[in-house]
1. Amide H neighbours of LEU94 under 5 Å, counting only residues 5+ apart in sequence or on other chains, H built in-plane at 1.01 Å?
2. Which FRET efficiency, nearest 0.05, do SER201 and LEU115 yield, Cβ-Cβ r, R0 45 Å?
3. So for the chain, taking the charge dipole from beta-carbon charges (+1 Lys/Arg, -1 Asp/Glu), which of THR67, VAL171, ASN40 sits furthest toward the positive end?
4. Taking Cα pairs under 8 Å and at least six residues apart, what relative contact order does the stretch 116-183 come out at, in percent?
5. How big is the charge dipole of the chain about its Cα centre, in debye rounded to the nearest 20, if each Lys and Arg gets +1 on its Cβ and each Asp and Glu gets -1 on its Cβ?
6. Based on alpha-carbon centroids, what's the gap between the stretch 1-34 and the stretch 68-127 in Å, whole number please?
7. Taking the Cβ-Cβ separation of VAL86 and VAL171 as r and a Förster radius of 30 Å, what is the calculated FRET efficiency to the nearest 0.05?
8. Could you compute the net charge surrounding GLU36? Neighbours are other residues with a C-beta less than 14 Å from the C-beta of GLU36; K and R count +1, D and E count -1.
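Here, each number is a calculation from the coordinates, and none is a lab measurement. Note that the structure is predicted; figures quoted are calculated from it, not measured. Here Cβ is always computed from backbone atoms with ideal geometry, including for glycine, and neighbour counts include all displayed protein chains.
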Amino acid sequence: MNVQESMRRILELESQAIRNIPVNDSYERAVDAIVEHVHNRRGKLVTSGMGKAGQIAMNIATTFSSTGTPSVFLHPSEAQHGDLGVIQSDDILLLISNSGKTREIVELIPLARSLYADLPIIVITGDPDSILADEADIVLATGASPEVCPLGLTPTTSTTMMTVIGDVLVVNVMDKTGFTIGEYAKRHHGGYLGHVSREKSTY
């Protein structure tokens, strides 16, 4: 198989994986919970994940922040060494683990709830029957399609699905809060996007 044939196969497999993401009312509940805690109660969204999932969690946090929903990434290992203090009473957690049993993420839940027992937790996972899912208030399942990596191990398809789910949350929270291009311009001053957003708005 040459590179172009491989590319077509990967595109088809990942496209199908995205189409297989379960669509259900968990997304409405997740969006409503984020709006309630961040926009109504003035808390923030705290995302966390380990390894590649952590990189997706960081991207979700920065995208939320740039679109009017204050969010921070909390590294699960650093949380055990003092960074847990970033969590406040009205915050909401978004935890990502494809397996649903990543040790550092599983351990983060009791640590966070030892600070605030009622802290709501949203989980993105490939296993809705996992330990992590059992502890969550809202579970967003990826559908657990196989990785396109030839070893079947390297996070590839799974990280694509996590990213898409993050996009679904961001876009729907933007819609629900009526986020405008003027508000975007205030938060994204630099670069091409800053230039375009300022051109199209009057702040």
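1. Those qualifying (amide H under 5 Å, at least 5 residues apart or on another chain) are VAL46, THR47, SER48, ILE122.
2. The formula returns an efficiency of 0.70 here.
3. Towards the positive end, the residue furthest out is THR67.
4. Answer for the stretch 116-183 is 21 percent.
5. Dipole magnitude for the chain comes out near 640 debye.
6. Measuring centre to centre over Cα atoms gives 24 Å.
7. Calculated value: 0.70.
8. Net local charge, GLU36 excluded: -1.
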